[in-house]
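Chemist: I'd like to ask you about the structure that follows.
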Amino acid sequence: MTAHILDGKAFAAKLRTQVATHVARLKADHGIVPGLAVVLVGDDPASQVYVRSKGKMTVEVGMQSFEHRLPDTTSEADLLALIAQLNADPAVHGILVQLPLPAGLNSDLVINTIDPAKDVDGFHISNVGLLGTGQKAMVPCTPLGCLMLLRDHHGSLAGKHAVVIGRSNIVGKPMAQLLLGDSCTVTIAHSRTADLAGLVRQADIVVAAVGRAQMVPGAWIKPGATVIDVGINRIAGDDGGTRLVGDVDFDSCATVAGAITPVPGGVGPMTIACLLANTVTACSRANGLAEPEGLTV
Ligand code: NAD
């Protein structure tokens, strides 16, 4: 069997077009331009790349991008003051603080200082609680993107057994909540799980969010299962350079799975598209306008 490839790159491009349409409508009908503020503290090279592409795509869909780059010597008080200023700024509808923060800054405190209505990453405890209780929340971008791909492929997910590998606050836990919300039977596996292979073999849906290159082999996958690979890992390539791989071994999994996301071109592009979608949703909610359909769950 050769798995159907879940093309996140193409899906994300469609989603960005939908976002751009809503942005144009907000502008034409209400004179509102959605704005996304991204705060980067320090000079982590991977974070620099993410922030640059977030800014570029924000502008591409017609929104305003506000970038705040602060040195890694920034004090917590100064960072909190910037967030308070962004919370109060009516031109800013979404605030994202790029993680990880340099040592010495309390990420929980910083994230929980963001106005929950502007928390487009969905990491504020209010949004975590709203999601966990099935209420309207800002939903974390990466799991939201995974859910969109799953719904697009399957339609209803009800009754499916989903195994989420990884229990981080950013991916694993919110992913599990979203799948539960769609009536899956959910198992969350992690570094201390006994017999991971045996568990994954029972899954109709596998979401791998571990951060270990190619750790899930095809032999763990139930024939016909759907595999969502969140991992982004850089390994040595055949040409002496490096290449990106996921947390699943794509080649062996693709011979057994019914559907699978590639890396790159699967979950990655969905994350930024969902960030833009969340910003438009936040902007619509802030202005008491009807929420655009299809941009959140
Ligand atoms: P994390 O390090 O916070 O969490 C990793 C999780 O994996 C932990 O809960 C841990 O218990 C679990 N784990 C570790 N070793 C394990 C093992 N041997 N067996 C089972 N579980 C194990 O990572 P994260 O932030 O959730 O990210 C996970 C991966 O997803 C990383 O590769 C990251 O780069 C990637 N990621 C991608 C996107 C995207 O946009 N595609 C977004 C966020 C994260």
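The values are calculated or read from the model by the stated rules, or taken from the named source; none is laboratory data. This structure is a prediction, so every number in the text was calculated from the model and none was measured. Glycine gets a Cβ as well: all are built from the backbone with ideal geometry, and neighbour counts include every protein chain shown. The accessibility values were calculated without ligands, DNA or RNA, using every heavy atom of the protein model including side chains. Shrake-Rupley method; radii C 1.70, N 1.55, O 1.52, S 1.80 Å.
Chemist: May I ask you to list the residues in the stretch 99-111 that are in contact (Cβ under 8 Å) with a residue 24 or more places away in the chain and in a helix (DSSP H, G or I)?
Modeler: Within the stretch 99-111, L109, V110 meet the criteria.
Chemist: Something else now. Within the stretch 42-52, work out how many residues are over 18 Å from K118 (Cβ atoms), β-branched (V, I, T) and either in contact (Cβ under 8 Å) with a residue 12 or more places away in the chain or not in a helix (DSSP H, G or I) (or both). Steps first, please.
Modeler: Keep residues of the stretch 42-52 that are over 18 Å from K118 (Cβ atoms), which gives 42-50, 52.
If we keep only those that are β-branched (V, I, T) too, we end up with 49.
Next, from what is left, pick out any that are either in contact (Cβ under 8 Å) with a residue 12 or more places away in the chain or not in a helix (DSSP H, G or I) (or both): none.
Number satisfying all stated conditions: 0.
Chemist: Take the conditions touching a residue at least 12 places away in the same chain (Cβ under 8 Å), open to solvent by 40 Å² or more (accessible area, probe 1.4 Å) and within 25 Å of S284 (Cα to Cα) and apply them to I83. Does it pass? I'd like the intermediate steps shown before the answer.
Modeler: Details: touching a residue at least 12 places away in the same chain (Cβ under 8 Å): yes; open to solvent by 40 Å² or more (accessible area, probe 1.4 Å): no; within 25 Å of S284 (Cα to Cα): yes.
The answer is no for I83.
Chemist: Of the residues A176, A137, which is within 16 Å of the ligand (Cβ to nearest atom) and at negative phi?
Modeler: Exactly one residue qualifies, and that residue is A176.
Chemist: Looking only at the stretch 171-208, count how many residues are of a type in the set (S, T, N, Q) and under 19 Å from the mean Cα position of the chain (by Cα).
Modeler: Residues meeting the conditions: 1.
Chemist: Could you run through the stretch 256-295 and say how many residues are over 25 Å from I5 (Cβ atoms) and either of a type outside the set (G, A, S) or crowded, with 18+ Cβ neighbours inside 10 Å (or both)?
Modeler: The qualifying residues number 13.
Chemist: Out of everything in the stretch 143-173 that is polar (S, T, N, Q) and within 9 Å of the ligand (Cβ to nearest atom), what residue ends up being farthest from D249 (Cα to Cα)? Lay out the reasoning, then the answer.
Modeler: First, the residues of the stretch 143-173 that are polar (S, T, N, Q): 156, 168-169.
Now restrict to residues that are within 9 Å of the ligand (Cβ to nearest atom): 168-169.
Numbers: S168: 21, N169: 24 Å.
My answer is N169.
Chemist: What number goes with the only condition from (1) within 30 Å of E67 (Cβ to Cβ); (2) hydroxyl-bearing (S, T, Y); (3) more than 19 Å from the chain's Cα centre (by Cα) that S168 does not pass?
Modeler: (3)
Chemist: Out of all the residues in the stretch 40-48, is one or more among the hydrophobic types (A, V, I, L, M, F, W, C) and over 19 Å from V120 (Cα atoms)?
Modeler: Yes, because at least one residue in the stretch 40-48 is among the hydrophobic types (A, V, I, L, M, F, W, C) and over 19 Å from V120 (Cα atoms).
Chemist: Then there is this: Would it be correct to say that G240 is over 20 Å from A3 (Cβ atoms), touching a residue at least 60 places away in the same chain (Cβ under 8 Å) and either open to solvent by 10 Å² or more (accessible area, probe 1.4 Å) or among the small types (G, A, S) (or both)?
Modeler: It is false that G240 is over 20 Å from A3 (Cβ atoms), touching a residue at least 60 places away in the same chain (Cβ under 8 Å) and either open to solvent by 10 Å² or more (accessible area, probe 1.4 Å) or among the small types (G, A, S) (or both).
Chemist: Next question, about the same structure. Collect the residues in the stretch 112-130 that are buried (at least 23 other Cβ atoms within 10 Å of the Cβ) and either of a type in the set (V, I, T) or part of a helix (DSSP H, G or I) (or both), keeping them in residue-number order.
Modeler: Of everything in the stretch 112-130, those that are buried (at least 23 other Cβ atoms within 10 Å of the Cβ) and either of a type in the set (V, I, T) or part of a helix (DSSP H, G or I) (or both) turn out to be I114, K118, V120, N127.
Chemist: Just to be sure, is G166 farther than 22 Å from T279 by Cα and out of contact with any strand residue (DSSP E or B) (no Cβ under 9 Å at 6 or more places or on another chain)?
Modeler: Judged against the criteria, G166 is not a match.
Chemist: Here is a further query. Please give the helices (runs of 4 or more DSSP H) falling wholly within the stretch 196-297 in which 1 or more residues are β-branched (V, I, T) and away from the ligand (no atom under 15 Å from the Cβ).
Modeler: 267-286
Chemist: Which residue is nearest to the ligand (Cβ to nearest atom), if the candidates are limited to the stretch 181-195 and must be open to solvent by less than 60 Å² (accessible area, probe 1.4 Å) and assigned to a loop (DSSP other than H, G, I, E, B)?
Modeler: Of everything passing the filter in the stretch 181-195, H190 is nearest to the ligand (Cβ to nearest atom).
Chemist: Mind telling me which of the residues A213, A219, A225 ends up being small (G, A, S), closer than 19 Å to T142 by Cα and more than 16 Å from the chain's Cα centre (by Cα)?
Modeler: The unique qualifying residue is A213.
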